[in-house]
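Single-structure report; data block below.
The values are calculated or read from the model by the stated rules, or taken from the named source; none is laboratory data. None of the values given here were measured: they were computed from a predicted structure. Heads up, the Cβs are rebuilt from the backbone with ideal geometry, glycines too, and the neighbour counts pull from every protein chain shown. Just the protein is used for accessible areas: all its heavy atoms, side chains included, with ligands, DNA and RNA removed. Shrake-Rupley method; radii C 1.70, N 1.55, O 1.52, S 1.80 Å.
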Amino acid sequence: MTDALVFAPHPDDETLGCGGSIAHHTAMGRTVRIVFLTSGEQGVHGTAPQQAGPVREREAESAAGKLGVTADNVHFLRLPDGGLDPGDRTQFLSVLGILRQTRPEVVYLPHAADAAHDHQQAHLLVWRALEKGASRSYPDAGARHWAATVLGYEVWSPVPVPPFFQSLQPSDVEAKLSALACYSTQVKGEGEADYAGEGGVALARFRGAMTTGSHREAFAVLRLGALPWSPSIGQPAA
């Protein structure tokens, strides 16, 4: 069994969206696995995709290590960057297979309205697999499994009224920053998005400022069953 399974469209989405939560869980001794749907091979300026993919995978493994996730718990499906397709049977079976293989209690994925095409397609692709996880269909994908809790993390677009929060300790925030620093290929030029540093924890700082005064990560709730840990649930402060 896996306590938490994180699906990321590209390397760095896992850290931006729920890196603090990953660090929190691993610090508590929980098993976390990360699945990268693509290797982000289209996301390195001036580098051909066949060279960029392996570079970003190495960055992802280093970042996962900063969050307390061992290399054997990091998985790369190598689906096409920019070509995620929830209607594609091969992609669907790849996601369903790893879901049934790892058997998580909690699944993290991008929330449905995150403002990036691949993130929205990733949401639909993973959700399709989650819907069929416990079905008798597709027996070749492995033994049936029902993930009791599914949470949608925010990267490019905030969850409008988040019902679920994870409070972060200072060590969790430090781990998130250390993981973001591993993504050197994502350091952009002047006038471009800058999140491989303090910018990557700005939303968590805002979520904390509106609630506990520290840092928190916020999530949409797609399913809420039994949790293997005590959650932090509540609305942002007025």
Treating cross-link reach as a plain straight distance, find the lysines whose alpha-carbon is under 25 Å from the alpha-carbon of LYS176, omitting any fewer than eight places away in the same chain. LYS66, LYS188
Burial order of peptide ranges 8-16, 209-217 (average beta-carbon count within 10 Å, highest first): 8-16, 209-217
For ALA113, placing the label point 7 angstrom along Cα-to-beta-carbon and taking the stretch 136-180, residues whose amide nitrogen sits under 15 Å are 152-164
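Taking a ≥ b ≥ c as the square roots of the eigenvalues of the Cα gyration tensor of the stretch 85-205, is the shape rounded (a/c under 1.5), prolate (a/b larger than b/c) or oblate? Write out the running numbers ahead of the final one.
Details: a/c = 2.17, a/b = 1.80, b/c = 1.21.
Here the stretch 85-205 falls in the prolate category.
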If I compute solvent accessible area with a 1.4 Å probe over the protein chains, what percent of it on the stretch 1-125 is carbon and sulfur? 48
With contacts defined as alpha carbon pairs under 8 Å and 6 or more residues apart, what's the relative contact order of the chain in percent? 24
C-alpha center-to-center spacing [the stretch 1-47, the stretch 178-212] in angstrom: 15
Using amide H atoms built 1.01 Å from N in the peptide plane, name the residues 5+ places from HIS215, or on other chains, whose amide H lies under 5 Å from its own. LEU168
Projected onto the charge dipole of the stretch 48-192 (+1 at Lys/Arg Cβ, -1 at Asp/Glu Cβ, origin at the Cα centre), which of GLY97, ALA113, GLY191 gives the Cα projection farthest towards the positive end? GLY97
Once you list every other residue whose beta carbon is under 14 Å from the beta carbon of ARG100, what net charge do they have if Lys and Arg are +1 and Asp and Glu are -1? +3
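Can you list which of the trypsin sites (Lys or Arg not before Pro) found in the stretch 104-172 are DSSP loop residues with at most 12 other C-beta atoms within 10 Å?
On the way: sites: ARG128, LYS132, ARG136, ARG144; in loops: ARG136, ARG144.
In loop regions of the stretch 104-172 (DSSP not H, G, I, E or B), the sparsely surrounded trypsin sites (Lys or Arg not before Pro) are ARG136.
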Averaged per residue, what accessible surface does the stretch 30-119 expose to a 1.4 Å probe, in Å²? 41
Measuring from label point to label point, each 7 Å out along Cα→Cβ, what is the ASP85 to ASP72 span in nm? 3.6
Take the stretch 114-161, compute every pairwise Cα distance, and split them into 10 Å bins from 0; I just need the percent in each bin. 22, 43, 26, 9
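For a quick protection proxy, order the peptides 99-108, 161-170 by their average other-Cβ count within 10 Å, most packed first.
My ranking of the peptides, most packed first, is 99-108, 161-170.
Rounded to the nearest 500, what is the chain's calculated 222 nm mean residue ellipticity when only DSSP H runs of at least 4 contribute -39500 (n - 2.57) each, over all residues? Walk me through the numbers before you get to the answer.
Working: 6 runs with 83 residues, N = 238.
That calculation yields -11000 deg cm²/dmol at 222 nm.
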